[in-house]
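The values are calculated or read from the model by the stated rules, or taken from the named source; none is laboratory data. Just so you know, these numbers come straight off a predicted model, no measurement behind them. Don't worry about glycine lacking a Cβ; one is built from the backbone with ideal geometry, like all the others, and counts go over all protein chains shown. With ligands, DNA and RNA removed, areas are computed over all heavy atoms of the protein, side chains included. Shrake-Rupley method; radii C 1.70, N 1.55, O 1.52, S 1.80 Å.
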Amino acid sequence: MSARWRRLGLVALLGSVLAACAVQPPARPPVDPALVKGNILRLADAEWNAFGGQTISYENGRERIDPVGVWEDERRGSPRVGQYWRTVGEEWSGYDCDKPWSAAFISWLMLEAGVPPQLFPPSGLHADYLRAIADTEGDPDARFALRDVASYRPRPGDLICATRAGASIPAYNRIPDGTTMHCDLVVFNDGVTLESIGGNVRNSVSKTVRQLGPDGLLQRDRPWVLVVEDRYPDAVPTVASR
């Protein structure tokens with residue numbers, strides 16, 4: 001083999017190694033597990049405020065947005081969406097409006113809060129980390145567990161997850177690869193009202209305020225299919241409502 005071809009081969013090898021490294025989340029020092037849930041809630045609240053506090057509520061079955069916040073493709077919003085995408089190894093920004101970024105937002109929250117990536121693999125698809133959590137079902141030491149939305153009452157720190165774009169799943173703990181979904185982080189629940197924060201909700205990081213059913217369970221205003229129970233110690237104090 002000529003020296004020229006050896007050099008080209010080395011360049012190609014280095015390029016493939018660097019590309020593989022680019023999608024790996026950065027190594028971070030371990031975080032005290034007692035702080036993780038509080039970190040998740042604090043970060044979500046901070047991002048919601050950074051996007052202008054956009055809030056969605058429902059009146060007589062009609063959606064109301066007040067205030068309207070910063071959107072993904074605005075100068076203040078796009079760079080923040082870009083940092084969520086980099087967490088999952090992508091270089092999109094908020095100007096790439098055709099790229100749903102809700103899973104990247106949740107992945108960023110978890111990684112920034114101190115959740116090890118092996119417990120919550122960062123991904124641009126909710127189904128990827130949900131499938132990883134499903135694989136730990138039955139492990140009493142697992143930090144996350146999937147719960148049936150029909151019987152589990154979400155708590156602050158949990159994720160509420162729905163299918164979208166006409167997708168469906170066989171059961172709350174059986175999620176086919178590539179299923180299109182959306183998850184929000186629960187930040188408040190008093191048994192009557194639930195508040196959650198999610199990315200790519202009406203083009204922003206939005207807080208949604210919804211009424212719970214008389215049994216304290218989620219109502220079917222969306223095709224909710226499961227809840228991710230956050231088993232980290234409860235945060236004290238929790239993020240205040242509104």
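Charge dipole (Cα centre; +1 on Lys/Arg Cβ, -1 on Asp/Glu Cβ; no other charges) of the chain amounts to roughly 620 debye. Phi angles of the range 138-146 translate, via the Karplus equation with coefficients 6.51, -1.76, 1.60 and θ = phi - 60°, into HN-Hα couplings of x, 7, x, 9, 5, 7, 9, 8, 7 Hz per residue; Gly and Pro are given as x. Report summary: the helix-based calculation at 222 nm, which adds -39500 (n - 2.57) for every DSSP H run with n ≥ 4 and divides by the residues of the chain, gives -9000 deg cm²/dmol. Amide H to amide H, with H built 1.01 Å from N, VAL205 comes under 5 Å of ASN200, counting only residues 5 or more places away or on other chains.
Taken per residue, the accessible surface of the chain reaches 51 Å², heavy atoms only and a 1.4 Å probe. With contacts taken as Cα pairs under 8 Å and at least 6 residues apart, the chain reaches a relative contact order of 23 percent. Kirkwood radius, the range 141-242, all distinct C-alpha pairs, inverse of mean reciprocal distance: 14.1 Å. Each part gets one Cα centre, and for the range 181-206 versus the range 52-126 those centres are 11 Å apart. Using the alpha carbons alone, the radius of gyration of the range 124-165 stands to its Kirkwood radius in an Rg to Rh ratio of 0.95.
Projecting label points 7 angstrom from Cα along Cα→Cβ for ASP32 and SER168 puts them 4.8 nm apart. In whole Hz, what ³J(HN,Hα) sequence does the range 180-189 give by Karplus (6.51, -1.76, 1.60; θ = phi - 60°), x for Gly and Pro? Listing the rounded values in order: 7, 9, 9, 10, 10, 8, 6, 10, 7, 7 Hz. Overall, the range 145-242 carries a charge dipole of about 240 debye about its Cα centre when +1 sits on the Cβ of Lys and Arg and -1 on the Cβ of Asp and Glu, all other atoms neutral.
Under 5 Å between amide hydrogens, built in the peptide plane, is the criterion, and for PHE188 it picks out GLU195 among residues at least 5 positions away or on other chains.
How much of the accessible area of the chain, probe 1.4 Å, is carbon plus sulfur, in whole percent? Of all accessible area on the chain, carbon and sulfur atoms account for 53 percent. Note that the chain carries a Kirkwood radius of 18.9 Å, evaluated over its alpha carbons pair by pair. What residues of the range 165-206 lie in the reach of a label at ALA150, counting those whose backbone N is under 18 Å from a point 7 Å from the Cα along Cα→Cβ? Counting backbone N atoms under 18 Å from the label point, the list is 168-176.
Size of the range 68-196 from its Cα atoms: along the principal axes, largest to smallest, the extents are 43, 33, 33 Å.
With equal scatterers on the alpha carbons only and no solvent term, can you work out the Debye log10 of I(q)/I(0) for the range 34-90 at 0.26 1/Å? Calculated log10 I(q)/I(0) at the listed q: -1.03.
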